[in-house]
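The values are calculated or read from the model by the stated rules, or taken from the named source; none is laboratory data. Computed from a predicted structure; not experimentally measured. Counting neighbours? That spans all protein chains shown, and the Cβs are built from the backbone with ideal geometry, glycine included. Only protein heavy atoms, including side chains, enter the accessible area calculation; ligands, DNA and RNA are left aside. Shrake-Rupley method; radii C 1.70, N 1.55, O 1.52, S 1.80 Å.
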Amino acid sequence: MNQEIQKSFADIYEKLQGWVTSLIENLPNLLVAIIVMVVSYYAARFISKWVVVLASKRIPQQSISQLIGRISAIAVVLVGLFLALGALDLSKTLNTLLAGAGISGLVIGLALQGTLSNLLSGIILSFRKKIRLGNWIETTGYAGEVVDINLNSLVLKEFDNSLVIIPNKTIIENPLKNYSLTNKMRVAIECGVGYESDLEEVEKIVKEAIGSIYHQNNGTEIEVYYTSFGDSAINFVCRYWVDATDAKNRLDAKSEGMIAIKKAFNRKDINIPFPIRTIEFNSQLDLNTKRVNDTVLQN
């Protein structure tokens, strides 16, 4: 029994002696690994701040800039970790970590497919020059001012001051109309005049009315086209260009144009007819026949 105990203690002493010897032999590599990790940590902090400042100059969304900074910091730390493991001659451990990271990344990617898609779409939107904060856009049936682009969604403020939150993935995958990309818009007003009107005179009056409030330049002009013979009016459309950057400017321009046309028509006694239904009675009815029929009915 004593011999077995002594043998166990001898084995433990031998193991400890081997560990100490291995530690002493690998002490330089351990110091190098520790130095590499410390340097990578501080390098990650410095690079993260630098990347955030650099990204903020091009990306107005603070959340996106901070995300890019964190990603860069994680990348630096991972590089430091791999270098430290290489210094410790733990190549097998390094291969295991790489394999585990690949499998874990696949599982996480499948589980968070929708979230990651919105996140990547948010990063793409942040770098797009054709959509910025303050732009007036229309997409997926909603129209409003872009007030925020975060990691998961885009926020629109509509006419009635309500906020619409749209997933970034939806913005990327659907058509988008940006009214703020140009400083000019074409406005169209549809109207009708009575059949007794002189159409050439009407065209002249409409152009003068619109031209008095919106001067056309750069080769643009006020256009008037007659479109159809309606039930009670001859219909036409008037098109003209205005300086506008959002849908509200367009509505203002259309409203002012309609007021100007109506005032001009009133001065010239031009009728804008409303839909009417005329019932005609045959004046050639035989009154005697009506009386005979009434007498038969009474009998």
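Can you find, within the stretch 208-238, the residue that is nearest to M185 (Cα to Cα) among those that are assigned to a strand (DSSP E or B) and open to solvent by 80 Å² or more (accessible area, probe 1.4 Å)?
Taking the stretch 208-238 first, the residues assigned to a strand (DSSP E or B) are 223-229, 234-238.
Adding the requirement that they be open to solvent by 80 Å² or more (accessible area, probe 1.4 Å) leaves 225, 227, 229.
On the way: Y225: 18, T227: 22, F229: 28 Å.
In this case the residue turns out to be Y225.
Checking E201 against (1) in contact (Cβ under 8 Å) with a residue 40 or more places away in the chain; (2) buried (at least 16 other Cβ atoms within 10 Å of the Cβ), only one condition comes out false. Which one?
Going through (1) in contact (Cβ under 8 Å) with a residue 40 or more places away in the chain; (2) buried (at least 16 other Cβ atoms within 10 Å of the Cβ) one by one, E201 breaks only (2).
Select from the stretch 244-257 the residues that are open to solvent by 20 Å² or more (accessible area, probe 1.4 Å) and touching a strand residue (DSSP E or B) at 6+ places or on another chain (Cβ under 6 Å) and list them in ascending order.
Across the stretch 244-257, the qualifying residues are D246, R250, K254.
Would you please name the residue that is farthest from N249 (Cα to Cα), looking only at residues in the stretch 187-198 that are outside any strand (DSSP E or B) and open to solvent by 80 Å² or more (accessible area, probe 1.4 Å)?
If we take residues in the stretch 187-198 being outside any strand (DSSP E or B) and open to solvent by 80 Å² or more (accessible area, probe 1.4 Å), then E196 is farthest from N249 (Cα to Cα).
Quick test of your reading of the structure: T245 fulfils all but one of (1) part of a loop (DSSP other than H, G, I, E, B); (2) at pLDDT 90 or above; (3) under 24 Å from N218 (Cβ atoms). Name the failing condition by number.
With respect to (1) part of a loop (DSSP other than H, G, I, E, B); (2) at pLDDT 90 or above; (3) under 24 Å from N218 (Cβ atoms), T245 is out only on (2).
Out of the residues in the stretch 146-178 that are in contact (Cβ under 8 Å) with a residue 60 or more places away in the chain and open to solvent by less than 70 Å² (accessible area, probe 1.4 Å), state the one that is nearest to N118 (Cα to Cα).
L151
Taking the residues in the stretch 117-145 that are farther than 19 Å from S65 by Cβ and modelled with pLDDT under 80 as candidates, determine which candidate is surrounded by the most Cβ atoms within 10 Å (Cβ to Cβ).
In this case the residue turns out to be S117.
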